[in-house]
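Structure first, commentary second.
None of the figures in this text is laboratory data; all of them are computed from the coordinates on show. The shown structure was predicted, so the numbers you read here are calculated from the model rather than taken from an experiment. Ideal geometry is used to build each Cβ from the backbone, glycine not excepted, and the neighbour counts take in all protein chains shown.
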Amino acid sequence: MISTTMPPHIVTRFAPSPTGRLHIGHGWSALMAHDRARKNGGVFRLRIEDIDGARSREEHVTGIIEDLAWLGITWDGEVVRQSDRLPVYAAALDRLKAMGLVYPCFCTRADIAASASAPHGPEGAIYPGTCRALPLAEQVARFETTPCAWRIDMAKAVALVGRLTWEDAGHGTILADPLGAGDVVLARKDAPTSYHLAATVDDAAMKISFVLRGRDLMGATDIHRLLQALLDLPTPLYRHHSLLIGPDGKRLAKRSGGIQLAEMRDAGVDPARLRDDLRRGVFPVGISVRDT
Ligand code: GLU
C-alpha cells in the first residue's frame, strides 16, 4: 500500500443519493470516511445527492439520516442538499459554455442505444457524438421544441488541459483518461447539472480534502479531475475502496433484501457491535469484499 501524507486539516464526506435506504456497504463506506476524519482531528460532512428528481425521495433522505445516526455516525455542519444548489451548478455550466466546451444534445436514450456505432464503456453506451456538430440554426430550432441535455466535448476539453493525474491513497498516481468515458452529460434534461458536475463543484465548495468512495467510481474521478482543471478547482486526495458482494457474487444493490441498515436495526442488531465488526472488516454471513 502506498502511504500518502494527509493534508493538515482533513475534510471527508459521505454523499449518498436518496434513491433508497442505506445498505451495509454504504454503512461501511460512510464509517471509513467518518473514522478517517475523526482519527485525524478533521471534519466529516454529509451531502445528499438529490438532483435526480424522478428517483430521489424525501422519505429516503430522512431514512438515510436515521440509518447513519443508528450506526453512530455523526457529521459536522449542515447537511448539504444538492437540490438547494442548482444555481451554483448552472453557473459552472455557463462557464464551460463560454469556453465552448459543451454542446446541447437532443438525443433520447433510445436514439443512443439504437446508434449502430455506439461503443460501450464501463458506464454503458458511450455517446456516439450525434449532436456534437449540429449547426447553430438547427440547435436554435430544436431548443423551441425538444428538451436538451448538455454534454462536454471531451476531445476538445482534453486537448485544452493536456495530461492530468490524480492521487489515490491505495493505488498511487493515476493518469486520468476522461476520453474513455466519451462526451458525458454535464446537465441533464431535467436538471441544470449531472452527478459529475455537481459532485466536482461541491467537493471543492465543501473543501473536501479526501474523497473516500467505492471502486465503481474510479472512472468518474478521471472526469472530475478534468472538470477541476477546467473550472480552476483544487484536486482532493482520493481513495476508492473495494466493494462488498452478496452471496450471489454480485455487488450489493439498494434493492437487495436483508442487508439494509434499517432491516438490521429492526432485526435487533446491536449497532455498536456492527460498527466494530465493520471496522475490523467482519461482515454478516454471505457478504464479503470483492478485491478486484
Ligand atoms: N451519490 C453517489 C452514490 O450514491 C456517490 C457519489 C460520490 O461519492 O462521489 O453512489
Would you kindly state how much longer the chain becomes between A110 and A98 on full extension, computed as 0.36 nm times their sequence separation minus their alpha carbon distance, in nm to one decimal? 1.4 nm
Taking the highest mean first, how do the peptides 69-78, 174-183, 282-291 order by number of other beta carbon atoms within 10 angstrom per residue? 174-183, 69-78, 282-291
With Rg from the Cα atoms and Rh as the Kirkwood inverse mean 1/r over Cα pairs, the stretch 118-206 has an Rg/Rh of 1.02
Could you work out the relative contact order of the stretch 194-241, using alpha carbon pairs under 8 angstrom and six or more residues apart, expressed as a whole percent? 52 percent
Tell me which lysines have Cα within less than 22 Å of K156's Cα, excluding those fewer than 8 residues away on the same chain? K97
Applied in sequence order to the stretch 187-194, the curve 6.51 cos²θ - 1.76 cosθ + 1.60 (Karplus, θ = phi - 60°) yields integer Hz couplings, x standing for Gly and Pro, of 9, 7, 5, 9, 7, x, 7, 9
Projected label distance in nm at V161 and R132, using a 7 Å step from Cα toward the beta-carbon: 1.7 nm
Divide the volume of the convex hull of the Cα atoms of the chain by its number of residues and quote the answer in cubic angstrom per residue. 145 Å³
Between K254 and V289, what FRET efficiency follows from the Cβ-Cβ distance if R0 is 30 Å, with the result rounded to 0.05? 0.95
Over the chain, relative contact order from alpha-carbon pairs under 8 Å, at least 6 apart, %: 23 percent
Most packed first (mean Cβ within 10 Å per residue), the peptides 39-48, 135-144, 148-157, 269-278 order as 148-157, 39-48, 269-278, 135-144
So if I take the centroid of the Cα atoms in the stretch 192-258 and the same for the stretch 67-86, what is the distance between those two points in Å? 16 Å
When the helices in the chain are scored as -39500 (n - 2.57) per DSSP H run of 4 or longer and the sum is shared across all residues, what 222 nm value do you end up with, to the nearest 500 deg cm²/dmol? -11000 deg cm²/dmol
Antiparallel bridges, percent of DSSP beta bridges restricted to the chain (to nearest 5): 60 percent
Measuring from label point to label point, each 7 Å out along Cα→Cβ, what is the R273 to A125 span in nm? 5.0 nm
Cut-off under 19 Å on the C-alpha distance; same-chain residues fewer than 8 positions from K254 excluded. Which aspartates and glutamates are left, in chain and number order? E49, D50, D52, E58, E59, E66, D67, E123, D216, E263, D266
Run the lone-cysteine check on the chain: no other Cys C-beta under 4.7 Å from the residue's C-beta. C107, C148
Among the lysines, select those whose C-alpha is under 19 Å from the C-alpha of K39, and discard any that sit fewer than 8 residues away in the same chain. K207
What's the magnitude of the charge dipole for the chain around its Cα centre, counting Lys and Arg as +1 and Asp and Glu as -1 at the beta-carbon? Answer in Debye, nearest 20. 340 debye
